[in-house]
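Structure, as structure tokens:
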Amino acid sequence: MPKVSKDSASGSTLVEGIVDDRSEVLEGYMVNFQTFLGDADPAPLFKGLPDDRCQCPHWGYVFKGKITFRYADHEETYEAGDAYYAPAGHVPLISAGCELVEFSPADEMAKTGEVLERNYQASRQA
């Protein structure tokens, strides 16, 4: 049976001062171990997705800190010790010090990731 840990994950993305993200795909699911180094409101990165919101569902567990998912009509906040499900149609808001593990369908996450990366690169060139 496949497995992964934060230390063994083959994917690694560091956005200085914002997030340290370690990832691996297991049996069609992306597993992300994320440590947020600063407060993050990534809403602008979702521009171009339907309703400018993440269209990928996520299941996760918060080890430290808190994360809020903003929907068109409400918000849901999860803190240390909480497991969560965030359906499509959200935008996250993350507090510095938040540590979590998240599971997402790899295909959907890849589509979202392309938009996030494109918007991130455009913001760095502005």
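Just so you know, all these numbers are worked out from the coordinates, no wet-lab data involved. Note that the coordinates shown come from a computational prediction; the quantities given were computed from them, not determined experimentally. Glycine gets a Cβ as well: all are built from the backbone with ideal geometry, and neighbour counts include every protein chain shown.
Gain on full extension, evaluated as 0.36 nm per residue between ILE18 and MET1 minus their Cα-Cα distance, stands at 2.9 nm.
In the chain, what percentage of the DSSP-assigned beta bridges are antiparallel, given to the nearest 5? Could the numbers behind the result be given before it?
Numbers: 40 of 41 bridges.
About 100 percent, rounded to the nearest 5.
Measuring spread by the Cα atoms of region 25-81 yields a radius of gyration and Dmax of 12.8, 33 Å. Evaluated at q = 0.13, 0.14, 0.17 Å⁻¹, the base-10 log of the normalised Debye intensity for the chain, with identical point scatterers placed on the Cα atoms, takes the values -0.50, -0.58, -0.89.
For region 13-111, applying the loop criterion from DSSP together with a ceiling of 15 other beta carbons within 10 Å to the chymotrypsin sites (Phe, Trp or Tyr not before Pro) yields TYR71.
List the relative contact order of the chain as a percent without decimals, with contacts defined as Cα pairs under 8 Å and 6+ residues apart.
Details: 278 pairs, mean separation 35.2, N = 126.
Here the relative contact order equals 28 percent.
If the chain linking GLU76 and GLN121 were pulled fully straight, counting 0.36 nm for each residue of separation and taking away their Cα-Cα distance, it would gain 13.3 nm.
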